[in-house]
Amino acid sequence: MTIRVPGCFAYGRGLRHALAFAATLHRRCKINKENPVRVASQLGLDSEQTQGVVRLLRGISFLPRPERLAVIAMRDPGYTDQDIAEMFGRCDDWASLVRDNADAIRASEPIPLELEILTEDDFRDGNYAQRRKAVERTRQSRPGRPAILRTYSWDGRNATFLQAGVE
């Protein structure tokens, strides 16, 4: 069951959540076997949250639709429909319809409950979600942040690791 709302699809620069990047994480971490921590760093996502999404993806045999991933995110009481819509680059009406049809969406794509819990702090209190939302927005709002280049030199016996920031 795909929920379509006319004129309702636009990726914005705002709240970022690893669930919204499930297709990319599926390809890079599950299929290509890249390190989830490195991929999270490259995408500007929370490392622990990304590892939880990759664990979920590895535990099931299909790639969940955005609606199913939104249902998982909605389990966190700190996220409103507006937050969910912002995460997935959709409008508020889409998120409201997903919430209204959550049981049917869950039934159409069953995922074990233990895989839906992405981090140990998820779904405990709204304060954690509020802090996490602020961090996710801050990461995205710093377009001029320096890139970190990691390199090393090798002299045949020892490796020297260097790290340089580039504007």
| message | Conditions first: (1) under 21 Å from R28 (Cα atoms); (2) touching a helix residue (DSSP H, G or I) at 6+ places or on another chain (Cβ under 9 Å); (3) of a type outside the set (A, V, I, L, M). D93 passes all but one, so which condition is the exception? | response | (1)
| Looking only at region 42-59, which residues are surrounded by fewer than 22 Cβ atoms within 10 Å (Cβ to Cβ) and more than 18 Å from P112 (Cα to Cα)? | Q42, L43, G44, D46, S47, E48
| request: Among the residues of region 83-124, write down those that are aliphatic (A, V, I, L, M) and without any contact (Cβ under 8 Å) to a residue 12 or more places away in the chain. | output: A85, A107, L113
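I'd like the full set of residues that are assigned to a helix (DSSP H, G or I) and either touching a Ser or Thr at 6+ places or on another chain (Cβ under 8 Å) or not aliphatic (A, V, I, L, M) (or both), limited to region 53-89. Give the derivation first.
Of region 53-89, the ones assigned to a helix (DSSP H, G or I) are 53-59, 66-73, 81-88.
Those that are assigned to a helix (DSSP H, G or I) and either touching a Ser or Thr at 6+ places or on another chain (Cβ under 8 Å) or not aliphatic (A, V, I, L, M) (or both): R55, R58, G59, P66, E67, R68, D81, Q82, D83, E86, F88.
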| note | So, first residue within 11 Å of R58 (Cα to Cα) in region 25-44, second residue part of a helix (DSSP H, G or I), Cβ within less than 6 Å, six or more apart or across chains; the pairs are L25/V53; L25/V54; H26/L57; C29/P36; C29/V39; C29/V54; K30/L57; K30/R58
| query | Among the residues of region 73-82, which ones are in contact (Cβ under 8 Å) with a residue 24 or more places away in the chain and either surrounded by fewer than 22 Cβ atoms within 10 Å (Cβ to Cβ) or in contact with a Phe, Trp or Tyr (Cβ under 7 Å, 6 or more places away or on another chain) (or both)? | reply | A73, M74, R75, D76, P77, G78
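Just so you know, all these numbers are worked out from the coordinates, no wet-lab data involved. Since we're looking at a predicted model, the values are computed, not measured. In this analysis, Cβ positions are derived from the backbone assuming ideal geometry, glycine residues included, and neighbour counts consider all displayed protein chains.
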